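Everything on this sheet refers to the single structure shown next.
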Amino acid sequence: MSGETLSNLLSEARRFPPPADLAAEANVTAAAYDEAAADPDAFWAAAAGRLDWAEPWQQIRDWSNAPFARWFTGGKLNAAHNCVDRHVEAGHGDRVAFHFEGEPGDTRTLTYADLRDEVCRAANALLSLGVRAGDRVAIYMPMIPETVVAMLACARIGAPHTVVFGGFSADALRGRILDCDAHVVITADGGYRKGAPSALKPAVDEALTACPQVRSVLVVRRTGQDVAWSEGRDVWWHDLVAAQPAEHTAEAFDSEHPLYIMYTSGTTARPKGILHTTGGYLTQAAWTHWAVFDVKPERDVYWTAADIGWVTGHSYIVYGPLANGVTSVLYEGTPDTPHQGRWWEIVAKYGVTILYCAPTAIRTFMKWGEQIPARFDLSSLRLLGSVGEPINPEAWVWYRHAIGGDRTPVVDTWWQTETGAQMISPLPGVSTCKPGSALRPLPGISAEVVDDNGQPVPNGSGGYLVLTQPWPSMLRTIWGDEQRYIDTYWSRFPGYYFAGDGAKKDEDGDIWLLGRVDDVMNVSGHRISTTEVESALVSHPFVAEAAVVGAADATTGQGIVAFVILRATAAEAGLDGAALARELRAHVTKEIGPIARPRQILAVAELPKTRSGKIMRRLLRDVAENRALGDVTTLTDSTVMQAIREGLPEGS
Ligand code: WTA
């Protein structure tokens, strides 16, 4: 974020106190901050007490082997029981768990009792395929109820799931399956996207050509597309799952039993398998969902408009809302299919009261115009949330006005795949919101903004965001790579968790998130590593060297801009510039997925490098954003930048 934007942010003077009626009935009051500060362990123990434990814990937090944390040690619980069975047992079996809305307009209603039956059947099906506690199961699915069922079935039998976003390529899927050594994959023939069936099974088939250890693929029929079938390996969900008994006794697992692995981009080309375990994760996912969204399970209709393939879907479509026994909306498709008012039609149809989405969606709706949501009755909404990237004050104010009718609080929630649950956010019944600020750490969470030496910065200054105390839903490690876990998060500032984000404290000490300070881009709320895209580009025979930067983009937050040095083979192929860019874009899509496709690809003769040979991305970003160049004194050859600039097409 540029200095100019930063000073704009800090002169943002609009203030929005909590609505009186919401504050009067809020689940959490200001006292929670003091209670948690006085005794954080007791605070988290009370939050864990909102769950059903088969055996009590002996110790709340064990940080003796830092940075490897254990929470609620000795306690035993089953995540699926907590998300489903206990609500049925408490007499809420008839409550709707999900209103499912398919993109073509088909709908399904699943009550908690329906969900319990389905999860039990799927758990029995996985057992029949030989899946046992501790085995990893990969899930590559569209946004349909079976995806939730599959995750909970895994949790029920103690098999950690790894959900791979359906937009990832066969190669990306294969890398994740191999990294966590999954032997079973759950997928679908396809899902609906942008008004058409979009296939998933072919990517699984392609991925598995190099995954000999995968013995079973369980396939949901969603679109009815033709699929290739591998006899003996592939099995239809409707054949296997439907035939199972709807009874299954959930076993209680250790609080530290692995619940899932979620891959996320880091600063190297290889994605990191973020490991979450059961007791602490579920405690914080459930508590934050209850506190930050102030959910009232008897009357709210909650909607996280995100994909289950990201951590937001894990914590705030599946585990948080279900642990709280809430009714949710699950929508399969895109916001503009078949028209640009689809989300608002869904809000009106189901009477959605709480909506959670990413700033990139909000900015898109702004672009489409206020007249579109204005055509729908959005009066049911009482609270709005934002996640995934910094929200600029104008988008925040527009969201509150055009969607929230100038009535609803907007909670800007900062967190990460690694944190498992929300960490910095307003509390809607307590906080006076500032557009663009996540305000302060939630009760029980300790964060700080520090300078290069790890010293807290004074109010009014910026630095690096760190977390200074362990928290229940923190990642436990990077799957199979403890050293990388230590190096990535705990080495930059000894004793502190380094989040990789820049932040500023305003004069009140409130926190404003400023985006990544490392080589991670944030495109439409998706984390993508520059090196991952670079290594995809250099794997193409035309490319000798590549440097990728995230350039500011008014809608997507950042856009991917790639600078490439071509090999002679490129000239020999005789493609013109546009055809070449098309070819390289398609290659990145194949290697990683469409979300990583560069917005611009610029062929250059040289790249700016420091004397130690490191590519100076900062300068490339300046070029891509067409700003005055930053300091170039460490460049080996300062004419390089001149040459790059002159090679740029007009207006780019
Ligand atoms: C960014 C998504 C500013 C941040 C839950 C973080 C945010 C990364 C916010 C994590 C926010 C997330 N304000 N930036 N409210 N929320 N981010 O792992 O850079 O996909 O490090 O988790 O998104 O992305 P991830």
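The values are calculated or read from the model by the stated rules, or taken from the named source; none is laboratory data. Just so it is clear, the structure is predicted and the values come from calculations on it, not from any experiment. Note: ideal-geometry Cβ built from the backbone for every residue, glycine included; neighbour counts use all protein chains shown. Just the protein is used for accessible areas: all its heavy atoms, side chains included, with ligands, DNA and RNA removed. Shrake-Rupley method; radii C 1.70, N 1.55, O 1.52, S 1.80 Å.
Taking the condition crowded, with 17+ Cβ neighbours inside 10 Å, within 14 Å of the ligand (Cβ to nearest atom) and not assigned by the TED database to the domain that holds Ala305, does Asp519 pass?
Values: crowded, with 17+ Cβ neighbours inside 10 Å: yes; within 14 Å of the ligand (Cβ to nearest atom): yes; not assigned by the TED database to the domain that holds Ala305: yes.
When the stated conditions are applied, Asp519 passes them.
When you scan segment 124-131, do you find a residue that is within 24 Å of the chain's Cα centre (by Cα) and modelled with pLDDT of 95 or more, even just one? Working first, answer last.
From segment 124-131, those within 24 Å of the chain's Cα centre (by Cα) are none; that's our starting set.
No; the residues of segment 124-131 include none that is within 24 Å of the chain's Cα centre (by Cα) and modelled with pLDDT of 95 or more.
Applying the condition of being in a loop (DSSP other than H, G, I, E, B) and open to solvent by 20 Å² or more (accessible area, probe 1.4 Å) to segment 494-516 and asking which residue is nearest to Ser11 (Cα to Cα) yields Glu507.
Determine which member of the set Ala172, Ala159, Ala138 is modelled with pLDDT under 95 and not charged (D, E, K, R). Within the list Ala172, Ala159, Ala138, the selection yields Ala172. Number of residues in segment 89-112 that are surrounded by fewer than 20 Cβ atoms within 10 Å (Cβ to Cβ) and acidic (Asp, Glu): the value is 3. Consider Glu25 carefully, then state whether it is closer than 30 Å to Gly436 by Cα, more than 27 Å from the chain's Cα centre (by Cα) and among the charged types (D, E, K, R). Yes, satisfied. If the condition is being in contact (Cβ under 8 Å) with a residue 24 or more places away in the chain, over 19 Å from Ala421 (Cβ atoms) and not polar (S, T, N, Q), then segment 480-495 contributes Gly480, Asp481, Glu482, Arg484, Ile486, Trp490, Arg492, Phe493, Pro494, Gly495.
When Ala348, Ala269, Ala305 are screened for being over 30 Å from Glu482 (Cβ atoms), out of contact with any strand residue (DSSP E or B) (no Cβ under 6 Å at 6 or more places or on another chain) and surrounded by fewer than 24 Cβ atoms within 10 Å (Cβ to Cβ), only Ala348 passes. For segment 28-41, the set of residues classified as part of a helix (DSSP H, G or I) and under 29 Å from the mean Cα position of the chain (by Cα) consists of Ala32, Tyr33, Ala36, Ala37, Pro40, Asp41, listed by residue number. Scanning segment 496-516 for residues that are more than 16 Å from the ligand (Cβ to nearest atom) and within 25 Å of the chain's Cα centre (by Cα) yields no hits at all.
Of the residues contained in segment 128-139, one or more are found to be in a helix (DSSP H, G or I), surrounded by fewer than 24 Cβ atoms within 10 Å (Cβ to Cβ) and in contact (Cβ under 8 Å) with a residue 40 or more places away in the chain. The residues of segment 433-486 that are under 24 Å from Tyr260 (Cβ atoms), among the hydroxyl-bearing types (Ser, Thr, Tyr) and in a loop (DSSP other than H, G, I, E, B) amount to a single one, Ser473. Suppose the filter is closer than 30 Å to Gly279 by Cβ, part of a loop (DSSP other than H, G, I, E, B) and out of contact with any helix residue (DSSP H, G or I) (no Cβ under 6 Å at 6 or more places or on another chain); does Thr419 pass it? Here the answer is yes, as Thr419 does meet what is asked. Restricting the search to segment 410-448, which residues are among the β-branched types (Val, Ile, Thr), open to solvent by less than 10 Å² (accessible area, probe 1.4 Å) and out of contact with any Pro (no Cβ under 7 Å at 6 or more places or on another chain)? Residues satisfying the conditions are Val410, Thr413, Thr419.
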